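Everything below concerns the one structure shown next.
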Amino acid sequence: MNPITVPSISYFTMAPMLVLFVGSVLLMAAASLLRHRLPEVVSTATSVLLGLGALVVSILQWDHLIRHGSSSTVAGALVLDGFSVFVNITVSCAVILTALVAHDYLARLKFDSAEFHILALLSASGALIMGAANDLVVVFLGLEILSIALYVLVALNRKNEKSAEGALKYFVLGGFSSAVFVYGIALTYGATGSTNLAKMGTYLSANVVHRPGLLLAGIGLLAVGFCFKIAAVPFHMWTPDVYEGAPTPVTGFMAAVAKVGGFVAFLRVFETAFSTQQSTWAPLLYTVALLTTFIGATSAIAQHNVKRMLAYSSINHAGFILLGVVVLTKAGFAGSLYYLFTYSVMAIGTFALLGVLGGARDEDHDLTSYRGLAKRRPGVALSLALLLLAQAGMPFTTGFLAKFGVIEATVAHGEIPLALLAMVSATISAVAYLRVGIVMYATHDVPTPVSDGSSFKDRAEGSLLLEVEPVATTHEVPVAPTTGLAIGICLAVTFYFGIAPGALLDFARQAAQLLR
Amino acid sequence: MLHAAYLIIAFPLLGSLLLMTFGRRLGEPVAGWLGTAAITASFVVAVVVFFGVLHAHQTDCIPGLLCQGSPIAPGSLLNDQFVQHLFNWVNVGGFHANVDLLVDPLSITMCLFITGISAMIHLYSIAYMHGEEDFTKFFIYLNLFVTSMLILVLGGNLLLTFIGWEGVGVCSYWLVSYYFQKDSAASAGKKAFIYNRVGDVGFLLAIFILYSQLHTVSYVEIFQRAGHLSPLWATMAVLALVLAASGKSAQIPLFNWLPDAMEGPTPVSALIHAATMVTAGVYLLCRLHGVVNLSSTGQGVICGVGLATAFVAATVATSQSDIKKGLAFSTVSQIGFMVLAVGTKNYEAAIFLMVAHAFFKALLFLGSGSVIHALDGEQEMVRMGGLRKVLPWTFGTFMIGWLAIAGVPPFAGFFAKGSVLDGVFAKSPVLWALALLTALLTAYYMSRLFYLTFTGEERFTAVGPNGEPGIEHPHESPWHMRFPLVVLAILSAAGGAIDLPWVHTWGLDTFLNPVFLTTTPAATNSGSTQLFLAIADAVVAVAGIGLAWVLWRGKAARPELTPAFLKRVWFWDDAYDAVIGRPATALSKAAAIVDDEVIDGAVLGTATLVRRGADQLRKAQDGYVRTYALSIAAGMAAFLIYLVTRVFS
């Protein structure tokens, strides 16, 4: 019997995930051992500090990466490269921002604060594992750690039916897609003899597969699993229900962390292992990207609930990020990574504002309750309008450069029709964002009768913009300092890197170059 | 010291942001003081940077930076030009535009007088705008304007300058229509905006031409590579620049918005429509002198535009009855002189006149503002006269401004206009004669304006021609208004000292020479010619003043000297209306029908289609998990079916 050889382990590579994972376990131990409920301040501070710790380690990793290049550890199962460090940095930032946003929200809705932070940290560590995973089994491990914590987070608002409904749907469908994903792993393992991405890639480039049925079916099933996670059409239908039902800070967290983890793993698997089969799977993802951008955008404009609208808008964004996977070039990766970072920041900021506007019980997300908001709460209305415009791709915001980056990469790859159609979808989705802006700025608290449609303006407003019922009375929730800080950071990042994008663009570009 | 350059822009920007945020809470007059303090701080920084440039000029080397003659790189110095790199801005394919500031003698000269005069005018406005409803808003706009103007001047490439160019245009629009409740103010704002937009097309064309030919938008690189421009493209670029300059600097054919812009508050007229913004076109031509130098056709056009504008505006100014309109046409005419100087490649003289003009025209406008303030808003000179005794401070300072613009030695205008005319003489004596005639008209119309306002009978006490009540006790303005008048009067009187024609070791000319690298045409005139020219200038100035004294002493109106042809600006607007206005109206009526029926139809059709699609999608999303799972399964099946076809193909 051979002795089991323990592979060498670089704890430096694993440091960010260890910080978050061990931190959350310790927090859980403290919360359950203490006789009293852990004070909110303590759990928030722990979460922020752990996020900061992971961020600092990730920055050290970046420095190491620039000097010494990428490396792998644990027998090639985990890697330290541009993608993994990018995920580490983005997710650490998202953890910090979410903790700040959630602080006041949890106290207001009387949730168990420690519970939220423990789950969020766990889920984030799952995303980090997905980002660094160089083996399909490890990808699956990360995916499950990420997802299971998220199922619980979505159900956190126990008094709200929609929260439970969303969580159950997410759980059932997530289980379904995980099964599909595992089946995909099994089939590709059967075809290539390995689950290690690098080995699979080497095998496929060294050998010509004569009977590719097994391999292609495996790739197709893996793509389904990833497409479910990133909410690409037609695997997206859970998104609006889950986004709407989840407590609003959780929605922001999901939009940022789950997308980053899912997308980076998607990019890595299809680049490292299956780039030789690109001509086969590219048309599939081409179609998916196109459907995702269009169905996301058109569904967004038909929504009356702002959270649902933003869920569809996130689907539209996912379609844009998917363009980087379709073209599978360095420029495409850079575009997708930049998009992921900037969208995470915008999404957390936007949902933080929605959490404030949702009222005492986080239920007032109907567009009607936004009427005349600019008069009532000018600061909140302005911040929301700016973040939504950034999501729409307004110049001088990161949103513009994000769209520009992926579109540029798509055009450079010769997929001009795809780029054009994606831009058309961006125009359609802009209507959804502008509609919120118009309701906030151009309407007063009094309901206006829907006009009979004599002129263009009247008809357009009557049909698309102002088809809203009488006003709901809202109990205004003030913006807590922590929430305000998070929103301020999101706005500052969105505008600073929109006006002077150099540093962030270089970061994404280098991260894309340094793929192992 | 040069590294502080960004602070010149940062202070006014900070000021406007603070006023936007806290302005309403601060209220009057604190908001005004805050605005003034921001500009003053900017002026102080400009002075510091100016000494930095001066020091670099003397040593040709800044410690820690590369020295003269080395290849240009951010932070290096060539021809006394210092490029401060702030951050990368656009970096797309082969196109690079950075946010760079170009600090050189030209830009710092502009900064000095822009910030200095702006500080004075901000101070003046605190009193002038007293009691206005939108007091804070006025200072927000004014600070924003100064920010934009400084970006325009300090920008290291055409794109940044264009941002400043558009910024000043927008601020000008807001400030002209500041009294937007008045129809005339609102439409004057629109007129200014539209005329400026036509000019902006010229600017954009120039950017496109230069980028397509030289592959850069940075001034330093344009200057280095200008030699690669073919003569045809150089001429095209210059013509586009002339169109740009004629919009912003109110030259023929786009000059007629400036008099209407006088609907804005008087400090705005002084700052934007006399001292700073309207000189932006001249600045642009000077900044791109490397391109202008290449095209003699272009120079000819510039000369023609400048001289024609100077002459036409001067004739019109002789017959204006509104004090601000008179000054506005005078401004158009004076900028014509500056453009003429550019056309003769006499850039130093153009800048000299720009600075001197900023001093005395700001003084004259602020003086007129003081008069208007005293007379409760009356602007018609028919209802002035005899204000000498009532407004002694205004009278004294205005007199200095008048003598300066008329070109009486030793005031600033004499030297500045003299150096322009010297250059014109060196180019062509015929042009010189025409320019001299315009100078005579200048002295004449300014003297007329001065006599009508300050001498003769006190006509304001009587009931006005339209039944306005008489004004019993006009009062002199408070100190915040008098102090800027005195400072500007001193500058107008002694401003000529910055560039005395017989001194060649120091002065504006020597300071700017490293930028333009041209020998001034004035230097080619011999000593005796110089003396003759100077005497001619002085004689013309005195003659104009005398002529006005003979014709207008003790008179309030002389219809035979102010024909409708001149009053109505050579029927310029009527011609525009007939040639462009009416056909355009007819065309737009036709277009409206097409728009309503065809385009709206298409747009609405598309919108309806999208909405129907969205509704269908919403119905598909029925909320059942089984439907969602079915969708996933269907998608998976589609994936697999497609892959199966690939296996068997």
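Taking the stretch B:589-633, which residues are more than 21 Å from A:Asn316 (Cα to Cα) and surrounded by fewer than 11 Cβ atoms within 10 Å (Cβ to Cβ)?
If the condition is that a residue be more than 21 Å from A:Asn316 (Cα to Cα) and surrounded by fewer than 11 Cβ atoms within 10 Å (Cβ to Cβ), then B:Lys589, B:Ala590, B:Ala592, B:Ile593, B:Val594, B:Glu597, B:Val598, B:Ala602, B:Gly605, B:Arg626 are the ones that fit.
Answer yes if at least one residue in the stretch B:605-622 is out of contact with any Gly (no Cβ under 9 Å at 6 or more places or on another chain), over 28 Å from A:Pro234 (Cα atoms) and facing chain A (nearest Cβ under 7 Å), and no otherwise.
So far as the stretch B:605-622 goes, no, none of its residues is out of contact with any Gly (no Cβ under 9 Å at 6 or more places or on another chain), over 28 Å from A:Pro234 (Cα atoms) and facing chain A (nearest Cβ under 7 Å).
This table checks each residue for (1) assigned to a helix (DSSP H, G or I); (2) hydroxyl-bearing (Ser, Thr, Tyr); (3) surrounded by 12 or more Cβ atoms within 10 Å (Cβ to Cβ).
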residue: A:Asn2; (1), (2), (3): no, no, no
residue: A:Ile9; (1), (2), (3): no, no, yes
residue: A:Met17; (1), (2), (3): yes, no, yes
residue: A:Phe21; (1), (2), (3): yes, no, yes
residue: A:Ala31; (1), (2), (3): yes, no, yes
residue: A:Thr44; (1), (2), (3): yes, yes, yes
residue: A:Val56; (1), (2), (3): yes, no, yes
residue: A:Ile59; (1), (2), (3): yes, no, yes
residue: A:Leu65; (1), (2), (3): yes, no, yes
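Among the residues of the stretch B:245-284, write down those that are under 17 Å from B:Leu307 (Cα atoms) and small (Gly, Ala, Ser).
B:Ala245, B:Ser246, B:Gly247, B:Ser249, B:Ala250, B:Gly281
Would you confirm, using the coordinates I've provided, whether B:Ala308 is in contact (Cβ under 8 Å) with a residue 12 or more places away in the chain, part of a helix (DSSP H, G or I) and crowded, with 24+ Cβ neighbours inside 10 Å?
No; evaluated as a whole, the condition is false for this residue.
Being over 16 Å from A:Leu491 (Cβ atoms), under 21 Å from the mean Cα position of the chain (by Cα) and touching a residue at least 24 places away in the same chain (Cβ under 8 Å) is the requirement here; does A:Leu340 meet it? Lay out the reasoning, then the answer.
Working: over 16 Å from A:Leu491 (Cβ atoms): yes; under 21 Å from the mean Cα position of the chain (by Cα): yes; touching a residue at least 24 places away in the same chain (Cβ under 8 Å): yes.
The answer is yes for A:Leu340.
Considering only residues that are of a type in the set (Ser, Thr, Tyr) and either without any contact (Cβ under 8 Å) to a residue 60 or more places away in the chain or surrounded by 24 or more Cβ atoms within 10 Å (Cβ to Cβ) (or both), which ones fall in the stretch B:263-305?
Passing the criteria: B:Thr266, B:Ser269, B:Thr276, B:Thr279, B:Tyr283, B:Ser296.
Could you tell me which numbered condition A:Gly218 fails, if it satisfies all but one of (1) of a type outside the set (Asp, Glu); (2) out of contact with any Leu (no Cβ under 9 Å at 6 or more places or on another chain); (3) within 11 Å of another protein chain (Cβ to nearest Cβ)?
(2)
Filter the stretch B:94-120 down to residues that are assigned to a helix (DSSP H, G or I) and more than 13 Å from B:Phe43 (Cα to Cα), then give me how many there are.
3
Which of (1) surrounded by fewer than 24 Cβ atoms within 10 Å (Cβ to Cβ); (2) more than 11 Å from chain B (Cβ to nearest Cβ); (3) assigned to a helix (DSSP H, G or I) does A:Lys169 not meet, given it meets every other one?
It is condition (2) that A:Lys169 fails.
So which of B:Asp100, B:Asp183 is without any contact (Cβ under 8 Å) to a residue 24 or more places away in the chain and acidic (Asp, Glu)?
Details: B:Asp100 fails: without any contact (Cβ under 8 Å) to a residue 24 or more places away in the chain.
Sole residue among the options that is without any contact (Cβ under 8 Å) to a residue 24 or more places away in the chain and acidic (Asp, Glu): B:Asp183.
If I filter the stretch B:387-404 for residues that are crowded, with 19+ Cβ neighbours inside 10 Å, within 27 Å of the chain's Cα centre (by Cα) and not in a helix (DSSP H, G or I), do I get at least one hit?
There is no residue in the stretch B:387-404 that is crowded, with 19+ Cβ neighbours inside 10 Å, within 27 Å of the chain's Cα centre (by Cα) and not in a helix (DSSP H, G or I).
Return the total of residues in the stretch A:366-411 being closer than 16 Å to A:Leu353 by Cβ and not in a loop (DSSP other than H, G, I, E, B).
Of the residues in that region, 23 qualify.
Need a quick list: helices (runs of 4 or more DSSP H) entirely within the stretch A:232-333 having at least 3 residues that are surrounded by fewer than 24 Cβ atoms within 10 Å (Cβ to Cβ) and out of contact with any Ser or Thr (no Cβ under 7 Å at 6 or more places or on another chain).
By residue number, A:278-301.
Quick one: B:Val503 ticks every box in (1) aliphatic (A, V, I, L, M); (2) in a helix (DSSP H, G or I); (3) at pLDDT below 80 except a single one, so which number is it?
It is condition (2) that B:Val503 fails.
Would you mind telling me which numbered condition in (1) small (Gly, Ala, Ser); (2) under 24 Å from A:Val79 (Cβ atoms); (3) within 14 Å of chain B (Cβ to nearest Cβ); (4) under 22 Å from the mean Cα position of the chain (by Cα) A:Ala164 fails?
All conditions pass for A:Ala164, except number (2).
Within the stretch B:420-429, can one find any residue that is closer than 26 Å to B:Trp549 by Cα, out of contact with any strand residue (DSSP E or B) (no Cβ under 8 Å at 6 or more places or on another chain) and surrounded by fewer than 24 Cβ atoms within 10 Å (Cβ to Cβ)?
No.
Would you mind stating whether A:Val224 is closer than 21 Å to A:Gly261 by Cβ, among the β-branched types (Val, Ile, Thr), assigned to a loop (DSSP other than H, G, I, E, B) and within 10 Å of another protein chain (Cβ to nearest Cβ)?
Judged against the criteria, A:Val224 is not a match.
If we keep just the residues of the stretch A:231-252 that are under 18 Å from A:Val101 (Cα atoms) and not small (Gly, Ala, Ser), which is nearest to the other protein chains (Cβ to nearest Cβ)?
A:Glu244
The values are calculated or read from the model by the stated rules, or taken from the named source; none is laboratory data. It should be emphasised that the depicted structure is a prediction, and the values quoted were computed from it without experimental measurement. Glycine also receives a Cβ, built like all others from the backbone with ideal geometry; neighbour counts cover every protein chain displayed.
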